[in-house]
Amino acid sequence: STRDRPARVMSHWSEADPEYSYILGMQAFGMEEAGHYQQAEARALQCVSLNPKDTWGVHALAHCYEMQGKTKNGISFMQDCEDKWANNNYLSIHNRWHLSLYWIENCEFETALQMHDQYMAVSPQSEMMDMHDSAALLWRLHLDGVDVGERWVPAANNYENYLDQAYMPFNDMHAMMSMVATGRDQQADKLVAALEDNLDGSTASSDIIKLAGLPIVKGIRAFGRADYETAKTLLANARHNAHMIGGSIAQRDVINLTLLEAAIRSGDQSMANGLLAERTLMKPSSPLSDMFGARANAAVAD
Ligand SMILES: [Fe+2]
């Protein structure tokens, strides 16, 4: 894993090596994804203090703050060294996305939306990874009750080129969000059909589609159709296999948030409170969780 590979070679490296920070940054991210948040945070801090321009180290630290609900630390860190990570590198847009997540955690949705428009808006030339950042942010804002208007259209147009590939369910999850949000029903059918066509192979990819990709994609589609019971059943089961589709824990958290919103909209206070308790364990002080909690209780009181 990304945690263990750097560990195997670490003894061969030292601060004397100009690329040492990149090993530290990779290990920090691997530790973070494996749940060793405090060790990961210390390693990421070591990385960026050695090389403040190591954008993977910045990214690893952003993940550590995200997962532990250290929103204030995340915002001040990212803002203080913005000139080091925000320009001309592979992760500049994705690190913007991480900063936007902190604003969302604080219920500062307008700031997150402005960041989307300024830095994450999709064009026909956008890379797939950057399309995912836009789609994931818009979907989260949509779950939070923000009207994002026509912002989905450019990403949906781009995703249409990949609907029949069944190449990577992590891509398909974001593609389905854009199809749902733009009401592209036939294209959503095409995406589901492509995944179903690849269910019966004997490859690892078929297992990923079966256990995670297809139920997650269909769950998002059901959510879009306001069929919250189906969305709940599909997502509640598949979320435990979600690591199979790739991406980070922070990126896959959008599945939990969609399930939470489906629970709230269907008046399932028990599921909503269970999911919120999971969040509170990791993020004890979160205006976003407070907002969802208030809505879960209000839905029952209605
Ligand atoms: Fe990330």
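The values are calculated or read from the model by the stated rules, or taken from the named source; none is laboratory data. Predicted model only: the values in this text are computed from it and were never measured. We place every Cβ from the backbone using ideal geometry, glycine too, and count neighbours over all the protein chains shown. Note: accessible area is taken over every heavy atom of the protein model, side chains too, but ligands, DNA and RNA are not part of it. Shrake-Rupley method; radii C 1.70, N 1.55, O 1.52, S 1.80 Å.
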Just to confirm my filter: which helices (runs of 4 or more DSSP H) fall fully inside segment 20-134 and include at least 1 residues that are under 17 Å from the mean Cα position of the chain (by Cα)?
20-33, 55-67, 71-80, 92-105, 109-115
Residue check for Leu91: modelled with pLDDT under 95, within 15 Å of the ligand (Cβ to nearest atom) and not basic (Lys, Arg)
yes
Going by the structure shown, is Gln186 part of a loop (DSSP other than H, G, I, E, B) and either open to solvent by 60 Å² or more (accessible area, probe 1.4 Å) or not assigned by TED's automatic domain parsing to the domain that holds Ala204 (or both)?
no
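Restricting attention to segment 38-63, and to residues there that are surrounded by fewer than 17 Cβ atoms within 10 Å (Cβ to Cβ) and more than 12 Å from Ile23 (Cβ to Cβ), which single residue is farthest from the ligand (Cβ to nearest atom)? Before the answer, list the steps.
Of the residues in segment 38-63, the ones surrounded by fewer than 17 Cβ atoms within 10 Å (Cβ to Cβ) are 38-39, 42, 49-50, 52-53.
Right, trim to more than 12 Å from Ile23 (Cβ to Cβ) and you get 38-39, 42, 49, 52-53.
On the way: Gln38: 19, Gln39: 18, Ala42: 19, Ser49: 20, Pro52: 18, Lys53: 18 Å.
Top of the filtered list is Ser49.
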Give segment 195-228 a look and list any residue that's in contact (Cβ under 8 Å) with a residue 24 or more places away in the chain, assigned to a helix (DSSP H, G or I) and more than 23 Å from the chain's Cα centre (by Cα), or say none.
Asp197
Filter result for Met120 (touching a residue at least 24 places away in the same chain (Cβ under 8 Å), more than 22 Å from Ala40 (Cβ to Cβ) and within 15 Å of the ligand (Cβ to nearest atom))
yes
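Would you pick out the residues in segment 147-165 that are in a helix (DSSP H, G or I), of a type in the set (S, T, N, Q) and either touching a Pro at 6+ places or on another chain (Cβ under 7 Å) or modelled with pLDDT under 95 (or both)?
Once the filter is applied, which keeps residues that are in a helix (DSSP H, G or I), of a type in the set (S, T, N, Q) and either touching a Pro at 6+ places or on another chain (Cβ under 7 Å) or modelled with pLDDT under 95 (or both), segment 147-165 yields only Asn158.
Rundown of residues vs (1) out of contact with any Cys (no Cβ under 6 Å at 6 or more places or on another chain); (2) modelled with pLDDT under 95, yes/no style:
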position	(1), (2)
Ser205	yes, yes
Ala250	yes, no
Val254	yes, no
Asn273	yes, no
Ala277	yes, no
Pro287	no, no
Ala294	yes, no
Which members of segment 149-165 meet the condition of being open to solvent by less than 10 Å² (accessible area, probe 1.4 Å) and not aromatic (Phe, Trp, Tyr)?
Ala155, Ala156, Leu163
Condition test on Leu199, is it open to solvent by less than 10 Å² (accessible area, probe 1.4 Å) and in contact with a helix residue (DSSP H, G or I) (Cβ under 6 Å, 6 or more places away or on another chain)?
no
Restricting the search to segment 109-141, which residues are touching a Phe, Trp or Tyr at 6+ places or on another chain (Cβ under 6 Å) and open to solvent by 30 Å² or more (accessible area, probe 1.4 Å)?
Thr111
